[in-house]
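The values are calculated or read from the model by the stated rules, or taken from the named source; none is laboratory data. Being a predicted model, the structure only gives us computed values, none of them experimental. Using ideal geometry, Cβ is built from the backbone for each residue, glycine included, and neighbour counts are taken over all protein chains shown. Note: areas computed on protein heavy atoms with side chains; ligands, DNA, RNA excluded. Shrake-Rupley method; radii C 1.70, N 1.55, O 1.52, S 1.80 Å.
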Amino acid sequence: MKISDTNTNILITGAGLCGALLGLRLAQRGYTVNILEKRPDMRTKIVDAGRSINLALSDRGLNALKMVGLGDKVKELCIPMKARMIHPKNGAVITSNYSGRDDDYINSISREDLNKLLLDKADEYDKVQIDFNDEVLSVDVKTGSVEYKDSETETVKQWHPDILLGTDGAGSKVRQAMARQREFFFSYTTDWLPHAYKELRMPPADDGGWRIDKHALHIWPRGGFMLIALPNLDGSFTMTLFMRRKESPQSFEQITTDEEVTAFFKEEFPDVFDEIPDLLEQYQRNPVPPLGTVRCSPWTAHGKVLMMGDACHAIVPFYGQGMNAGFEDVTVFDQILGECDDWEEAMKRFSVERKPDTDAIADLALDNFVEMRDSVSHPNFQTKRAIEMKLESAFAKAQYSSKYSLVTFPPEGMGYREAMKRGRAQDKAIIWLIDNDLIKVEDSAESLLAAINKKTEEVIWHRS
Ligand SMILES: Cc1cc2nc3c(=O)[nH]c(=O)nc-3n(C[C@H](O)[C@H](O)[C@H](O)COP(=O)(O)OP(=O)(O)OC[C@H]3O[C@@H](n4cnc5c(N)ncnc54)[C@H](O)[C@@H]3O)c2cc1C
């Protein structure tokens, strides 16, 4: 099928963040797009919007939103977060900026507001039709056809599109069908973390404002577990407790009764305990979803089917990049569509070229869990960050960016894989230089940059 033929009939499964953006972009390219979404329309009915209440949106995601003309509108829904605020168990709060550059910050945004923004924009295009309450039941990857339940008529219907794009999230029916086929070797793993999460809401203060600094992502690192908080526009914070599911005194299995929850919060997070009057009720009511990493390959089949977003690369949330990566999928695919002649070629190219980047962010997200729950309160981590801030405020992006910045505020065109390679080597170099007393925060920016660059190159070329 020729990419230039806009009569191509495209079906997307799932109108979540990635699916809604993808549908919108393809309509902007002139295609007719249908989307099947199993949940009701969140703009008319209250529904659980999905995997987390709010999210950190950063440059990779913002670039995709700019591409579809939502760059300015989305800003109205965002609260900029310039720093991590670390709440140690004993001692004063530590503020650690995400970047030494003023215009590099991450944004807290409500998942529901963002999804609604995308759906509203998609509605502006006659060529997009979103059918809510329609659940995909099964997929034939050879033909790209789909069986789904039409909830209005309670009947099972079929769809035979020219192209099927699977953006139905971590439990993807498209991926399940890929795993069942026998015509090519499909590799697929889900690695579950021993940790799960529970969301809690810190209400607004009595005057309607925020109880803690709203321009920061708050972290209470406690070694094996941690609590984080992201601000919402209504003055509340969504807090997420990440803790082992079982096999530890600090686990969801062990901390269950009101007495246990009270004792745990008073011991570990006394400042939070005082700010959430209905903590016990929330703790008992809210679910404990698991966390896992999905990897699979290939993402495409028979020149008909392609997956994107969590459907093919769900990751743990510790780099705040799952959605950003899914949005970047759409940007990358859009560029590839502009460079190829037919769909099969474009889908294969995307599947092959994009996977190393999503594998990299999956690894980085796992690494960052250790950093967030443990290393952030370590003195050497603070020294390293102070040096990185100094370099970022003195030099342009292309000359120096920390690993966090390479991932989150990347120099133009830098993928996750390159960010991981460069960032890990830099981290190793800086820690080695600090440990050996070869650099100090007080050194000039020029001499720090020279020493770090030299050592980083050695690390990259395995000379140390
Ligand atoms: C606790 C937590 C915090 C997170 N924080 C961040 C963050 O700060 N920053 C960030 O970038 N990412 C974050 N993420 C990751 C982010 O939530 C996901 O990467 C993102 O939601 C993926 O989007 P998606 O559209 O691929 O999948 P989803 O958002 O899961 O959307 C899938 C859609 O498909 C629909 N669907 C599913 N099955 C079917 C079916 N059979 N038929 C029809 N429709 C179907 C669903 O209803 C849904 O609408 C976080 C994740 C978690 C769990």
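Please figure out what share of the DSSP beta bridges in the chain is antiparallel and state it in percent, rounded to the nearest 5.
On the way: 50 of 71 bridges.
Close to 70 percent.
Given 326, 433, 365, which one lies farthest toward the positive end of the charge dipole of region 321-462, if we put +1 on the Cβ of every Lys and Arg and -1 on the Cβ of every Asp and Glu?
It is 433, whose Cα lies furthest towards the positive end.
In debye, nearest 20: dipole of the chain around its Cα centre with unit charges on the Cβ of K, R (+) and D, E (-)? Before the final figure, lay out the partial values.
Values: 58 positive and 73 negative charges, 206 e Å.
Value, rounded to 20: 1000 debye.
So if I place +1 on the C-beta of Lys and Arg and -1 on the C-beta of Asp and Glu, and nothing else carries charge, what would the dipole magnitude of region 378-460 be about its Cα centre? I want it in debye, nearest 20. Walk me through the numbers on the way to the answer.
Working: 13 positive and 12 negative charges, 60 e Å.
It comes to approximately 300 debye.
Once you put a point 7 Å from the Cα of residue 286 and another 7 Å from the Cα of residue 180, both along the Cβ direction, what distance in nm separates them?
For the pair residue 286/residue 180, the computed spacing is 3.6 nm.
Where in the chain are the DSSP H helices whose C-alpha atoms run 20 Å or more along the long axis and whose mean Kyte hydropathy is at least 0.0?
On the way: long enough: 322-339 (26 Å, 0.17); 343-373 (44 Å, -0.64); 379-394 (23 Å, -0.80); 416-435 (28 Å, -0.66); 445-460 (22 Å, 0.18).
Helices meeting the criterion: 322-339, 445-460.
Stokes-Einstein D for the chain at 10 °C, 1.306 mPa s, Kirkwood Rh over Cα pairs, in µm²/s?
Working: Rh = 23.5 Å.
Using the Kirkwood radius from Cα pairs, D works out to 68 µm²/s.
Within the chain, which is the longest segment containing none of the GluC sites (Glu not before Pro) that sit in a DSSP loop and have at most 14 other Cβ atoms within 10 Å? Before the final figure, lay out each step's value.
On the way: sites that count: 76, 124, 152, 154, 183, 247, 253, 412, 442.
Of all site-free stretches, the longest is 254-411.
Hey, which aspartates and glutamates would be in cross-link range of residue 45, C-alpha to C-alpha under 12 Å, not counting anything within fewer than 8 residues on its own chain?
Hits, sequence-local ones excluded: 112.
Report the full-extension gain for the segment residue 6 to residue 339: residue separation times 0.36 nm, less the Cα-Cα distance, to one decimal in nm. Write out the running numbers ahead of the final one.
Working: separation 333, 0.36 × 333 = 119.88 nm, distance 1.57 nm.
Additional length available on full extension: 118.3 nm.
When we measure straight from the Cα of residue 384, which lysines land under 28 angstrom away, once same-chain ones fewer than 8 places off are left out?
Result set, ordered by chain and number: 82, 89, 214, 397, 403, 421, 428, 440, 454, 455.
Using the Cα centre of region 192-290 as the reference point, and only Cβ charges (+1 on K/R, -1 on D/E), how large is the resulting charge dipole? Debye, rounded to the nearest 20. Intermediate values should be presented prior to the final figure.
Details: 10 positive and 17 negative charges, 103 e Å.
About 500 debye.
Straight-line reach only, C-alpha to C-alpha below 19 angstrom: list the lysines that residue 149 could link to, leaving out same-chain residues fewer than 8 apart.
Candidates past the 8-residue exclusion: 38, 157, 173.
List the chymotrypsin sites (Phe, Trp or Tyr not before Pro) within region 374-463 that fall in a DSSP loop (any state other than H, G, I, E or B) and whose Cβ has at most 12 other Cβ atoms within 10 Å. All intermediate terms of the calculation are to be shown ahead of the outcome.
Details: sites: 381, 395, 400, 404, 416, 432, 461; in loops: 395, 400, 461.
Within region 374-463, the qualifying chymotrypsin sites (Phe, Trp or Tyr not before Pro) (loop, at most 12 other Cβ atoms within 10 Å) are 461.
Compute, for residue 336, the solvent-accessible surface of its heavy atoms (probe 1.4 Å) with the complete set of protein chains present, and express it in square angstrom to the nearest 10.
My reading of the accessible area for residue 336 is about 10 Å².
May I ask for the equivalent-ellipsoid semi-axes of region 192-290, computed as the square root of five times each C-alpha gyration tensor eigenvalue and listed largest first in whole Å?
Numbers: eigenvalues 105, 41, 28 Å².
So the equivalent ellipsoid measures 23, 14, 12 Å along its semi-axes.
Averaged over every viewing direction, what's the projected area of the C-alpha convex hull for region 119-185? Give it in nm², one decimal, please.
Numbers: hull surface 22.8 nm².
Computed as one quarter of the Cα hull surface, the answer is 5.7 nm².
Tell me which residues come under 5 Å, amide H to amide H, from residue 130 once H is placed; ignore anything under 5 positions away on its chain.
Hits under the 5 Å cutoff: 35.
Could you tell me the calculated FRET efficiency between residue 460 and residue 394, based on Cβ-Cβ distance and R0 = 30 angstrom, to the nearest 0.05? Please report the intermediate quantities before stating the final value.
Values: r = 22 Å, r/R0 = 0.75.
Once the sixth-power term is evaluated, E becomes 0.85.
Name the residue farthest towards the positive end of the dipole of region 192-290 from the options 279, 230, 263, assuming +1 on Cβ of Lys and Arg, -1 on Cβ of Asp and Glu, about the Cα centre.
Projecting each Cα onto the dipole axis, the largest value belongs to 230.
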